[in-house]
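Quick notes on the structure that follows.
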Amino acid sequence: MNIFDVFKPGEIDELPDDPREAFVEFVRRCQAKLEEMVSAAVERDSDNGWRTADEYRHDFMSMVIAAGKRFDIADFKSRIVPERQNWGYSQYEEFTAELNHYLTQVVLDNSVRGKRESVELSPKSKDRIRQHIHALKNLLDQAELDPDKKASMLTKLERFEQELDKKRMPLAAVGLLAITLLSAPGGIWQSADIANKLIHDVFDEVHQAQVIADERRLAAPSQEPAQLSPPRPTFEGPPPRSKRSSAPAFETGGIDDDIPF
């Protein structure tokens with residue numbers, strides 16, 4: 001198992017820009033491929049397929065550690081790929097347990113961050129925005145514009161409309177729509193006034209929803225995001241000493257201090 005079994009040419013470029021999100025997606029894809037290849041190996045050879053399956057698991061560990069180094073993931077970039085001859089299934093179990101511990105924290109952290117960078121729209125607001133998007137598409141269809149440019153802008157409008165199907169609208173999608181439409185050629189619209197009003201109405205719906213969300217957020221107690229932690233605590237320096245003195249009898253603090261002569 002290697003990276004070319006998991007990703008087709010160009011698919012690596014589609015990973016998220018955020019290193020932690022990219023690492024999560026990389027691991028998710030590798031895990032899915034690993035399960036597929038392990039099942040196929042055992043099915044081909046029920047007696048000795050486990051040997052091939054273990055090779056795949058070792059390859060999986062190697063790929064995840066390599067990705068952790070490239071994405072600068074603290075919990076994995078310092079790891080060393082275990083030698084295959086000294087490697088056993090118990091090491092794989094230990095590795096996946098720690099990996100799952102990390103991935104769980106990242107996924108939950110991304111969920112919290114995603115809520116801060118998105119807004120929940122009411123069904124009525126979504127319907128109004130869809131009406132505006134439909135009107136914008138009609139204006140684009142009627143505009144005298146290069147076919148490739150027109151197709152590109154229509155595709156971006158459709159992607160924005162697809163975001164409306166989600167429970168929360170990413171604010172980045174709204175910003176991207178603004179850049180797309182406001183940077184369009186000056187003669188793209190048959191009626192600039194109508195187009196500008198439609199754009200303004202879309203942003204106004206999102207803005208009003210964001211104002212309500214901000215008010216609710218300010219009313220709730222604030223809390224700093226939790227730091228990601230390793231699966232086991234690490235200690236620097238010698239372990240803490242107990243409160244009871246362990247000094248020898250003939251040193252200060254030892255039993256000599258209690259002798260009356």
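Rule-based calculations on the coordinates, nothing more; no lab input. Please read all numbers here as calculations on a predicted model, not as lab measurements. Virtual Cβ from ideal backbone geometry, glycine too; neighbours counted across all protein chains shown.
How large is ³J(HN,Hα) for each residue in the stretch 28-35, as worked out from phi by the Karplus curve 6.51 cos²θ - 1.76 cosθ + 1.60 (θ = phi - 60°), to whole Hz, x for Gly and Pro?
4, 5, 5, 5, 4, 5, 4, 4
Quick one: Debye curve from the C-alpha atoms of the stretch 25-114, no solvent, what's log10 I(q)/I(0) at q = 0.10, 0.13, 0.20 Å⁻¹?
The computed values of log10 I(q)/I(0) come out as -0.29, -0.48, -1.00.
Take the cross-link list LYS77/LYS166; LYS69/LYS166; LYS33/LYS69 and give me the ones stretching past 23 Å between alpha-carbons.
With Cα atoms farther than 23 Å apart: LYS77/LYS166; LYS69/LYS166.
Assuming R0 = 41 Å, what is the FRET efficiency of LEU139 and ILE12, from their Cβ-Cβ distance, to the nearest 0.05?
That gives a FRET efficiency of 0.60.
Using 0.36 nm per residue of separation minus the Cα-Cα distance, give me the extension gain between HIS200 and GLU158 in nm, one decimal.
Value of the extension gain: 13.3 nm.
Once fully extended, how much extra length lies between ARG44 and ASP75, figured as 0.36 nm per residue of separation less the alpha-carbon to alpha-carbon distance?
7.6 nm is the gain from fully extending ARG44 to ASP75.
Amide H to amide H, which residues 5 or more places from MET169 or on other chains are under 5 Å from it, using H placed in the peptide plane?
VAL119, GLU120, LEU121
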